[in-house]
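Only one structure is covered here, and it is reproduced in the block below.
The values are calculated or read from the model by the stated rules, or taken from the named source; none is laboratory data. Remember, it's a predicted structure, so these values are computed and weren't measured experimentally. Methodologically, a virtual Cβ is constructed for each residue, glycine included, from the backbone with ideal geometry; neighbour enumeration extends over all protein chains shown. For the accessible areas, the whole protein counts, side chains as well, though only heavy atoms, and no ligand, DNA or RNA atoms are used. Shrake-Rupley method; radii C 1.70, N 1.55, O 1.52, S 1.80 Å.
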Amino acid sequence: MHEKGKLFTLTLLMVLELASLASAAHESGPVGPYNVSFDMNTTEDYIVVVEAPTQGVTSDGINFTRYNLTVDGSDHFIFLILTRYDVPMLANTTANAYIVWDALINAGADEPAIYQPLIDGKPGVLGNFRFERQNLGGGQYEEGDLIVAASYSPDGKEYEDGIYRGNTDCRVISTFPWEVIRDMLNTLHIEVPDQ
């Protein structure tokens, strides 16, 4: 009987492991000139949409091209926005914190929580907040929904002048549950094309 119990326990553990692997889908493919990959650890149905690039100019006159990827779930979304500038831009944690803070304030946060994790092996900034009331600007959020924003430079490096810069900025905004977005950010990898 003792051996049957061990066999049952081992079988149950294997089934649970397979079930957890089945819910994690690896997404990989081109987004403009970049190769992007990440894992989606969710059972929620979703589609990945890569949009056509757009171009613009910063207020300082620097040209950029923007490449967008959307993970559109039945109840949640992820926006991944890659912006490639013609010249290296400030990409330190202060610059990324400003980007994340601004994105969350514009989404309706009063005082978002801000953290400084490594993202894709690079210094990044992550922020979040929960809605305490319904968003009056369209009513698309319900009470308690988590909004997460992150920013980092996949090609960031310290230049000779000691300043951390990169030609590419990666921004992520999501309403998926924390476990899903955490796993997505932990597995996010962006291959940057040669300059």
Simple label model, 7 Å out from Cα along Cβ direction - Ser59 to Ser28, nm:
4.1
Obtain the radius of gyration and the Kirkwood radius of region 26-191 from its C-alpha atoms and give Rg over Rh.
0.96
Treating every alpha carbon of region 152-195 as one equal point scatterer without solvent, the Debye formula yields log10 I(q)/I(0) values at q = 0.13 Å⁻¹ of -0.40
Whole-Hz Karplus ³J(HN,Hα) for region 78-93, in order, using 6.51 cos²θ - 1.76 cosθ + 1.60 and θ = phi - 60°, x for Gly and Pro?
10, 10, 10, 10, 9, 10, 9, 8, 5, 10, x, 10, 4, 9, 6, 5
Run the numbers for Tyr98 and Phe79: contour at 0.36 nm per residue of separation, minus the present Cα-Cα distance, in nm.
5.0 nm
Expressed as a whole percentage, what fraction of the accessible surface of region 26-191 belongs to carbon and sulfur atoms when a 1.4 Å probe is rolled over the protein heavy atoms?
47
In Hz, Karplus ³J(HN,Hα) per residue of region 31-42 (6.51, -1.76, 1.60; θ = phi - 60°; x = Gly, Pro)
10, x, x, 9, 9, 10, 9, 6, 9, 10, 8, 8
Please give the charge dipole size of region 26-191, origin at the Cα centre, charges +1 on K and R Cβ atoms and -1 on D and E Cβ atoms. Round to the nearest 20 debye.
340
Taking θ = phi - 60°, what integer Hz values does the Karplus form 6.51 cos²θ - 1.76 cosθ + 1.60 yield along region 110-116, in sequence order, with x for Gly and Pro?
8, 9, x, 7, 10, 10, 10
Stretchable slack from Leu146 to Glu160, in nm (0.36 nm times residue separation minus alpha-carbon distance):
1.1 nm
Highest mean first, what order results for 49-61, 181-193, 157-169 on Cβ atoms within 10 Å?
181-193, 157-169, 49-61
